[in-house]
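*Asks:* Got a structure here, written out as structure tokens. Questions coming.
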Amino acid sequence: MRLHQSPLPHYTSLLLPVPHGMFTCAGGTSEPPFASLNLSHSVGDQAERVHANRARALAALGLRHLVSVRQVHGDRILRVDDRKYFQEEPEGYDALITSLPDTGVLIQQADCQAVLLAAPAAGIVAAIHCGWRGSVLDLIGKTIHCLHAEYGIAPASLRAAISPSLGPCCAEFIHYRKELPAWMHAFQVRPHHFDFWSISRRQLLDAGVLPEHIDVAGLCTRCNPQFFSYRRARTATGGVTGRNGSFIGLPPTV
């Protein structure tokens, strides 16, 4: 992963040959507890500030159009094939796929992963909101299956990047025996702590993505104050905080 400081601090992956960015919480217009680049309308921030923050992030990637959804920790996938989605934010989806040029799809997160996928030759990109519930539902595998079944994308042709998110140092699950399936228990790195970066990598591999086509940021959002973190905010503001944003899109057509 590479950190870019200008025009807004964000990370990119050398594996993704399309416009994309995993943004920090810096460089926006929002005030505490959403300071400053909050990219979510669902946390109590002022709408005009969120609009301004999204416009800044989109411009930093050289894109004009944005599609986002009201995420619910489910496994529904939105096929963004119509410009009507530029004007609305559908509820009930946690993954987005698009082939529209000059368009970025957004994942909003504060400890959850964004998994960004690109099929360069086919001109298709996807973004997945993957918290622990999404991992249990195998939303990664379902999105890759959708790309193969509906768009003819061979999983081996995909490039994948896993964003900054809750690391194994901080991913504590006291009730993991009830919440996580038995196969995930092997990813427990110490009592009650799990490596969800490796879990997502395993799900990408199981879905057919090649190991050399997977990039993991390896940055924990709770440990690193340059990111919003719900778990960190629980002790300070009762969990009220902003949302980081991870975008991926296709460039404008010439």
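Taken together, the values in this text are just the output of simple stated rules run on the coordinates, not laboratory data. None of these values were measured; they are calculated from a predicted model. Every residue, glycine as well, gets a Cβ built from its backbone with ideal geometry; the counts of neighbours run over all protein chains shown.
*Asks:* Can C130 be described as over 17 Å from the mean Cα position of the chain (by Cα) and under 15 Å from I77 (Cα atoms)?
*Replies:* Considered against the rule, which asks whether it is over 17 Å from the mean Cα position of the chain (by Cα) and under 15 Å from I77 (Cα atoms), C130 comes out as no.
*Asks:* Pairs needed: first member in the stretch 165-182, touching a residue at least 60 places away in the same chain (Cβ under 8 Å); second member anywhere, basic (K, R); C-beta distance under 7 Å; at least 6 residues apart or different chains.
*Replies:* As it stands, the answer is L166/R222; L166/R231; C170/R222; C170/R231, since those pairs meet every condition given.
*Asks:* Could I ask something else about it? Please go through the stretch 103-139 and give me each residue that is assigned to a loop (DSSP other than H, G, I, E, B) and of a type outside the set (A, V, I, L, M), ordered by number.
*Replies:* Of everything in the stretch 103-139, those that are assigned to a loop (DSSP other than H, G, I, E, B) and of a type outside the set (A, V, I, L, M) turn out to be D111, C112, P120, G123, G131, D138.
*Asks:* Within the stretch 157-192, how many residues are over 20 Å from T143 (Cβ atoms) and either in contact with a Pro (Cβ under 6 Å, 6 or more places away or on another chain) or small (G, A, S) (or both)?
*Replies:* Residues in the stretch 157-192 being over 20 Å from T143 (Cβ atoms) and either in contact with a Pro (Cβ under 6 Å, 6 or more places away or on another chain) or small (G, A, S) (or both): 5 in total.
*Asks:* Kindly indicate whether I248 is surrounded by 15 or more Cβ atoms within 10 Å (Cβ to Cβ), over 25 Å from A26 (Cα atoms) and hydrophobic (A, V, I, L, M, F, W, C).
*Replies:* No.
*Asks:* Pick from R201, R159, R234, R222: which is under 21 Å from E31 (Cα atoms) and either within 17 Å of the chain's Cα centre (by Cα) or surrounded by 18 or more Cβ atoms within 10 Å (Cβ to Cβ) (or both)?
*Replies:* Residue meeting the stated conditions: R222.
*Asks:* Then there's this: Can you find even one residue in the stretch 204-218 that is without any contact (Cβ under 8 Å) to a residue 12 or more places away in the chain, surrounded by fewer than 15 Cβ atoms within 10 Å (Cβ to Cβ) and either under 18 Å from G44 (Cβ atoms) or among the aromatic types (F, W, Y) (or both)?
*Replies:* Checked the stretch 204-218: no residue is without any contact (Cβ under 8 Å) to a residue 12 or more places away in the chain, surrounded by fewer than 15 Cβ atoms within 10 Å (Cβ to Cβ) and either under 18 Å from G44 (Cβ atoms) or among the aromatic types (F, W, Y) (or both).
*Asks:* Same structure again: Which of (1) surrounded by fewer than 17 Cβ atoms within 10 Å (Cβ to Cβ); (2) in contact with a strand residue (DSSP E or B) (Cβ under 8 Å, 6 or more places away or on another chain); (3) of a type in the set (G, A, S) is the odd one out, the single condition A60 does not satisfy?
*Replies:* (1)
*Asks:* Shifting gears a bit: Out of the residues in the stretch 239-253 that are in a strand (DSSP E or B) and not hydrophobic (A, V, I, L, M, F, W, C), which is farthest from A126 (Cα to Cα)?
*Replies:* N244
*Asks:* Can you confirm whether the stretch 43-51 contains a residue that is touching a residue at least 40 places away in the same chain (Cβ under 8 Å) and either surrounded by 15 or more Cβ atoms within 10 Å (Cβ to Cβ) or touching a helix residue (DSSP H, G or I) at 6+ places or on another chain (Cβ under 8 Å) (or both)?
*Replies:* yes
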